[in-house]
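Laboratory data are not the source of any read-out in this text; all were calculated from the coordinates shown. Only a predicted model underlies this, so the values are computations on that prediction, with no experimental measurement involved. Cβ atoms come from the backbone with ideal geometry, glycine included; neighbour counts cover every protein chain shown.
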Amino acid sequence: MIVTCDEREPVPPVGDRFGYLLKHARERMAALSAEALRPFGVSGREVAVLTVLATGSPPSQLEAAQRLALDRTTMVALIDGLEAKALVTRGPDPSDRRRNIVSLTAAGRSTLAAATRATDEAERAFLAPLETADRERFRRMLQAVVAGEAAGSDRT
């Protein structure tokens, strides 16, 4: 049923609104991921930090924050928490002692591997209502939206 604000403009039901759908999809994915990560004692944000730290050469806290589009204060708090869990270490860069780098510990690498498997399974559960081809298409579409690009050649 379509509700109208006035006679000229129909208003779609809230369940059809894009913002509503995105919000609830995000909440469902977050809940599935949080449950999957519970046994490892890390959050989704912490797994994102571990993932960035595992990619390429060890970055500084600032570089890691930039890769995740986080402010410095948030990154410091996340790194502090990961360090307290013995998943990362901070220390001077051997090639530039003015710069500190953040590295995964053996426990950090192990936790990241297990957490990645768990979140992959949560993602499969989240995407289960979609056909396999639609899952990949959905991922590409989200990547395009996040990157600020228009998806596909059939733009209107």
Suppose the chain between ALA69 and TYR20 were pulled fully straight at 0.36 nm per residue; how much longer would it get relative to their current alpha carbon spacing? 15.2 nm
Mind giving me the FRET efficiency for ALA86 and ARG139? R0 is 30 Å, r the Cβ-Cβ distance, nearest 0.05 is fine. 0.35
Counting other Cβ atoms within 10 Å, keep those with at most 14, restrict to DSSP loop, and tell me which GluC sites (Glu not before Pro) in the range 88-153 are left. GLU131, GLU149
For the range 50-66, 3J(HN,Hα) per residue [Karplus equation, 6.51 cos²θ - 1.76 cosθ + 1.60, θ = phi - 60°, Hz, x = Gly/Pro]: 4, 4, 4, 5, 7, 9, x, 6, x, x, 6, 4, 5, 5, 5, 4, 5
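Considering every Cα-Cα pair within the chain, what fraction, in whole percent, is farther apart than 28 Å? List each step's numbers first, then the result.
Working: 4666 of 12090 pairs.
Tail of the P(r) past 28 Å holds 39 percent of the pairs.
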The chain, relative contact order in percent, only Cα pairs under 8 angstrom and at least six apart counted: 20
Taking amide hydrogens as modeled 1.01 Å from N in the peptide plane, which residues meet the under 5 Å criterion relative to ASP93, leaving out close sequence neighbours? ARG99, ASN100, ILE101
Inter-site label distance for GLU27 and ALA106 at 7 Å from Cα along Cβ, in nm: 4.4
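Quick one: pull the percentage of alpha-carbon pairs in the range 1-86 with a separation above 17 Å.
Numbers: 2308 of 3655 pairs.
Value for the range 1-86: 63 percent of Cα pairs lie more than 17 Å apart.
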